[in-house]
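Engineer: Have a look at the structure that comes next, please.
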Amino acid sequence: MSASLSSDLKNKYNVRSVPVRKDDEVMVVRGTFKGREGKVAQVYRRNWVNHVECITRENVNRATVNVGIDALKVVTTKLKLDNDRKALLDRKGKGRSAEKGKGKFVNEDMAPPLQEVD
């Protein structure tokens with residue numbers, strides 16, 4: 001379950017999205033809880049939702065429970081980095097930086113025009 005990165009993280013790592021994991025900080029950008037920020041408390045892969053610490057509701061028996069937020073509705077604002085995650089960002093960023101010049105030709109790359117043949 002990947003979530004897109006905030007604009008400053010996109011520019012820093014040259015990556016559009018990264019899988020969400022516990023202790024990342026996210027901001028909800030769509031839905032009822034739009035504008036709320038918090039730390040990811042749990043990634044519930046079976047139901048395809050993330051539980052954010054600050055987003056809760058009251059249950060029928062008056063207990064507070066976390067509300068599941070879909071990964072597409074959040075933007076990651078701060079990453080919890082470890083060695084594996086740094087390697088992932090480097091690998092994805094390197095591939096995207098190589099694609100920037102893909103398919104573009106400049107005049108120096110073009111072959112000179114053919115001479116007239118008698």
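Engineer: Please verify whether segment 108-117 includes one or more residues that are within 17 Å of Asn11 (Cα to Cα), open to solvent by 100 Å² or more (accessible area, probe 1.4 Å) and modelled with pLDDT under 95.
Structural biologist: For segment 108-117, residues within 17 Å of Asn11 (Cα to Cα), open to solvent by 100 Å² or more (accessible area, probe 1.4 Å) and modelled with pLDDT under 95: absent.
Engineer: Restricting to segment 30-62, count the residues that are of a type in the set (Gly, Ala, Ser) and either open to solvent by less than 40 Å² (accessible area, probe 1.4 Å) or in a strand (DSSP E or B) (or both). I'd like the intermediate steps shown before the answer.
Structural biologist: Going residue by residue through segment 30-62, those that are of a type in the set (Gly, Ala, Ser) are 31, 35, 38, 41.
After this cut, where a residue has to be either open to solvent by less than 40 Å² (accessible area, probe 1.4 Å) or in a strand (DSSP E or B) (or both) as well, the list is 38, 41.
Residues meeting the conditions: 2.
Engineer: A further question follows. Can you run down the residue pairs with Cβ atoms below 6 Å, 6 or more apart or on separate chains, where the first is in segment 36-57 and farther than 16 Å from Val75 by Cβ and the partner is open to solvent by 70 Å² or more (accessible area, probe 1.4 Å)?
Structural biologist: Pairs found: Ala41/Glu53; His51/Gln42; Glu53/Lys39; Thr56/Thr64.
Engineer: Here is a further query. If a residue must be part of a loop (DSSP other than H, G, I, E, B) and surrounded by 15 or more Cβ atoms within 10 Å (Cβ to Cβ), how many such residues does segment 6-23 contain?
Structural biologist: Keep residues of segment 6-23 that are part of a loop (DSSP other than H, G, I, E, B), which gives 6, 14-16, 20-23.
Narrowing further to those that are surrounded by 15 or more Cβ atoms within 10 Å (Cβ to Cβ): 6, 14-15, 20-21.
Selection size over segment 6-23: 5.
The values are calculated or read from the model by the stated rules, or taken from the named source; none is laboratory data. As the structure is a prediction and not an experimental result, all values here were calculated from the model. In this analysis, Cβ positions are derived from the backbone assuming ideal geometry, glycine residues included, and neighbour counts consider all displayed protein chains. The accessibility values were calculated without ligands, DNA or RNA, using every heavy atom of the protein model including side chains. Shrake-Rupley method; radii C 1.70, N 1.55, O 1.52, S 1.80 Å.
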